[in-house]
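In what follows, a structure is listed as structure tokens, so that the remarks can point back to it.
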Amino acid sequence: MNPYTSMPFLANMFIKKSDDPTDPAVRARCGRNAGILGIVLNTLLAAGKIAVGAVSGAISVTADGLNNLTDCGSNVVSVIGFKMSEKPADKEHPFGHRRAESVASLLIAVIILVVAVELVVQSAEKIFSPAETDFSWLLIGVLAASVLVKLFMFFYNRSLGNALSSETLKATAADSISDVIATAAVLISAIVCRFTHLETDAYLGIVVALFIAFTGFSILKETISSLLGKAPDAETVHAIEARVMAFKEVRGLHDLTVHNYGQNKLYATVHVEVDSGMGLTAAHDLADRIEKDFSENTDVALTVHIDPLVYDDPELNRLRDEVMCIVKNVDETLRMHDFRLVGGETHKNLVFDVAVPFECKLADAEIAAQIRTRVQLLDGNYDAVSTIERQNID
């Protein structure tokens, strides 16, 4: 499907129909243009609010203007991040520079949190040293215009962020919608103060600061998770598994690991199970074909490890089924793979790996001990040698 047929119209402000959203140059250009537009709009909003806030004495309005001013800094960081992510792989960064977008999102979150702290300090000062706020319809007009402009910025950043799958633009969109709520609250406060003479300005400033801080923490948490190596989404994992299993020689797969080095820059490894009767040359050819298919048709650079397993031995198949039942009885979420039989006439080892989900409460040693005990009860001539692996399991 053409990626532009379902693209919201606002994204088309910066993306042409001939553009490839996965192209680093396209992403850098779109990010730069969106950042420049944000700088212009935020500068105008900041100038208007700071000026009106200074004249009226409304600290929440001035604070909201300072928030817009720091948004300009966020936009500059965004532009730089997109520019850096455009750089190709080099000797020092063999996987490219696309994580620069995540670094930009991290800096945006820090800027937002700094603004929130400053707003709390200013609001607290006004609570302990109150000053009357002068009402004016100009103040109302500036705030109302700000809400409309920030709504537009939210929608175009979200639209472009979804089209490009950009963490930075999505973070900017989240910041914009928090600004909408914050400014709307200031606007309501100004109107309430005008008709009730209740001085809520300083208290509302703290509320606005806390809301801004919540947005900053949300962005910070998501970005740090991504930089630390967040697990791939289930849709990506299932798509990779389905594509590998589509090769008729593949009997199964396990140990799929996916590393994200920036949007549309995925590196993955997988163990592919094949019949042990397959020749070495044929197995190597299969691995090459799978890797080539992913290289040419997806954004995943896949490395395949071939695991030859015996499937035509009735005794081995019986043991595999019995041990699989034992593993399942220990915990329904456990998965077994790489099963093989090693040993002599009087004593044999059943060697296999057990995949354990991270949320499983059983300790690795306890899982291995339970499996070994139950295998020995099955037949005293067998011993279980299991390797426990913690991983995501759907």
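Is it true that some residue in the range 32-55 is under 21 Å from the mean Cα position of the chain (by Cα), within 30 Å of Thr298 (Cα to Cα) and either among the polar types (S, T, N, Q) or not in a helix (DSSP H, G or I) (or both)?
No.
Go through the range 354-394 residue by residue and tally those that are more than 18 Å from Leu316 (Cα to Cα) and either assigned by TED's automatic domain parsing to the domain that holds His254 or among the hydrophobic types (A, V, I, L, M, F, W, C) (or both).
12
When only residues in the range 92-123 that are touching a residue at least 12 places away in the same chain (Cβ under 8 Å) and outside any helix (DSSP H, G or I) count, which is farthest from Ser166 (Cα to Cα)?
In this case the residue turns out to be Phe95.
So, Ala283, is that one over 22 Å from the mean Cα position of the chain (by Cα) and either part of a strand (DSSP E or B) or of a type in the set (A, V, I, L, M) (or both) or not?
Taking the combined requirement at face value, the residue satisfies it.
Take the range 246-267 and flag every residue that is assigned to a loop (DSSP other than H, G, I, E, B), modelled with pLDDT of 85 or more and not β-branched (Val, Ile, Thr). Don't jump to the end; show me each part of the working.
Going residue by residue through the range 246-267, those that are assigned to a loop (DSSP other than H, G, I, E, B) are 246-251, 261-265.
Next cut, modelled with pLDDT of 85 or more only: 246-251.
Scanning the range 246-267 gives Ala246, Phe247, Lys248, Glu249, Arg251.
Here is a check on your reading of the model: is Phe155 in the same structural domain as Leu37 (by TED's automatic domain parsing), surrounded by fewer than 23 Cβ atoms within 10 Å (Cβ to Cβ) and more than 20 Å from Ala202 (Cβ to Cβ)?
yes
Can you pull out every residue in the range 268-292 that is among the β-branched types (Val, Ile, Thr), out of contact with any His (no Cβ under 9 Å at 6 or more places or on another chain) and either at pLDDT below 95 or not assigned by TED's automatic domain parsing to the domain that holds Val250 (or both)?
Those that are among the β-branched types (Val, Ile, Thr), out of contact with any His (no Cβ under 9 Å at 6 or more places or on another chain) and either at pLDDT below 95 or not assigned by TED's automatic domain parsing to the domain that holds Val250 (or both): Val274, Thr281.
Of all the residues that make up the range 81-110, how many are crowded, with 17+ Cβ neighbours inside 10 Å, hydrophobic (A, V, I, L, M, F, W, C) and over 18 Å from the mean Cα position of the chain (by Cα)? Explain how you work it out, then say what you get.
At the first step, the residues of the range 81-110 found to be crowded, with 17+ Cβ neighbours inside 10 Å are 81-83, 85-86, 96-109.
Next, only the ones that are hydrophobic (A, V, I, L, M, F, W, C) stay: 82, 100, 103-104, 106-109.
Still in the running and over 18 Å from the mean Cα position of the chain (by Cα): none.
Qualifying residue count, the range 81-110: 0.
Residues checked against (1) surrounded by fewer than 12 Cβ atoms within 10 Å (Cβ to Cβ); (2) under 30 Å from Ser102 (Cα atoms); (3) in contact (Cβ under 8 Å) with a residue 12 or more places away in the chain:
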| position | (1), (2), (3) |
| --- | --- |
| Lys265 | no, yes, yes |
| Thr269 | no, yes, yes |
| Ser295 | no, yes, no |
| Met336 | no, no, yes |
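Pick from Ala89, Ala63: which is over 19 Å from Ile219 (Cβ atoms), in a helix (DSSP H, G or I) and among the small types (Gly, Ala, Ser)?
Exactly one of Ala89, Ala63 is over 19 Å from Ile219 (Cβ atoms), in a helix (DSSP H, G or I) and among the small types (Gly, Ala, Ser), namely Ala63.
Going through the range 212-262 one residue at a time, which ones are of a type in the set (Asp, Glu), more than 21 Å from Ile290 (Cα to Cα) and in contact (Cβ under 8 Å) with a residue 40 or more places away in the chain?
So the first thing to find is which residues in the range 212-262 are of a type in the set (Asp, Glu), and the list is 222, 233, 235, 241, 249, 255.
In the following step, the residues that additionally are more than 21 Å from Ile290 (Cα to Cα) were identified as 222, 233.
Residue satisfying the conditions is Glu222 alone.
Within the range 370-384, restricting attention to residues that are without any contact (Cβ under 8 Å) to a residue 60 or more places away in the chain and touching a Lys or Arg at 6+ places or on another chain (Cβ under 8 Å), which residue is nearest to Met336 (Cα to Cα)?
Asp383
Filtering the range 195-251 down to residues that are touching a Lys or Arg at 6+ places or on another chain (Cβ under 8 Å) and within 30 Å of Lys126 (Cβ to Cβ), which residue is surrounded by the fewest Cβ atoms within 10 Å (Cβ to Cβ)?
Step by step, filter the range 195-251, then rank; the result is Ala202.
The values are calculated or read from the model by the stated rules, or taken from the named source; none is laboratory data. Every value quoted in this text rests on a predicted model; they were computed, and no experiment measured them. Here Cβ is always computed from backbone atoms with ideal geometry, including for glycine, and neighbour counts include all displayed protein chains.
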